[in-house]
Structure formats: C-alpha cells, structure tokens
Amino acid sequence: MDACIATEADTAIPIGTALHMQRVDEVEQQEARLYCYSEQHEQKELGINQHLCERLNAGLQKIADAPATSHVPKSVSTNCNSTTAGSRKIPRYRSTLHD
C-alpha cells in the first residue's frame, strides 16, 4: 500500500498546472459543454491582454500627439480594464475623445 501512495505522489500534477473542468448539460439541445480552466493559461491570457492594452494606449496617444492640422482630437484618455464574466476575465476597452 505504501508503494501505491508513493507512486501517486510521484505522478501528481502540480497545483499551478492543474486543470479545472466544469460540465454543463443542455438537455433540450441534447448536448454537453465542457469548460476548462488552468491558472497557467489565465496568466498567459492576462499577459497578452496587458500587452494589447499597452499597444492600444500607445497608438491612441500617438493619435492624440499628432499635429492639430490633421483633424485629430487634441487629447485622448483611455481606460483598459478587465471585468469578470463568470470565472473568465474578459478585456474591456473604453476610450474617451476630448477636443
């Protein structure tokens, strides 16, 4: 029995790489949906979202800094936040243009 416990401990998945799964049955459509979640994948998505927010903000700032003769608003304020929808974070982008 001790050998069995040692084998399970040796082959256990580290908590940071574990997957969490949820099954949702749709009886009327006769289908099942599986939702998977891993902390490692969430960290990757957060990094990608942060990078995209930084690029968006830099692009908007470049537009705001353009010469006044190019019909572009003088200043642009941005807010790139994430809101939670269920257990998955969805990026939300909001831009406000000022003349």
Which of the numbered conditions does residue 57 fail, given that it passes all the others? Conditions: (1) surrounded by 13 or more Cβ atoms within 10 Å (Cβ to Cβ); (2) part of a helix (DSSP H, G or I); (3) in contact (Cβ under 8 Å) with a residue 24 or more places away in the chain.
(3)
Could you tell me which numbered condition residue 82 fails, if it satisfies all but one of (1) modelled with pLDDT under 90; (2) part of a helix (DSSP H, G or I); (3) surrounded by 11 or more Cβ atoms within 10 Å (Cβ to Cβ)?
(2)
Show the residue pairs that are 6+ apart or on different chains and have beta-carbon atoms under 6 Å apart, the first residue being within the range 34-51 and in contact (Cβ under 8 Å) with a residue 40 or more places away in the chain, the second being among the aromatic types (Phe, Trp, Tyr) and exposed (fewer than 13 other Cβ atoms within 10 Å of the Cβ).
none
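The values are calculated or read from the model by the stated rules, or taken from the named source; none is laboratory data. Here the structure is a predicted model, which is why all the values come from computation and not from measurement. As a convention, Cβ positions derive from the backbone with ideal geometry for all residues, glycine included, and neighbour counts pool all protein chains shown.
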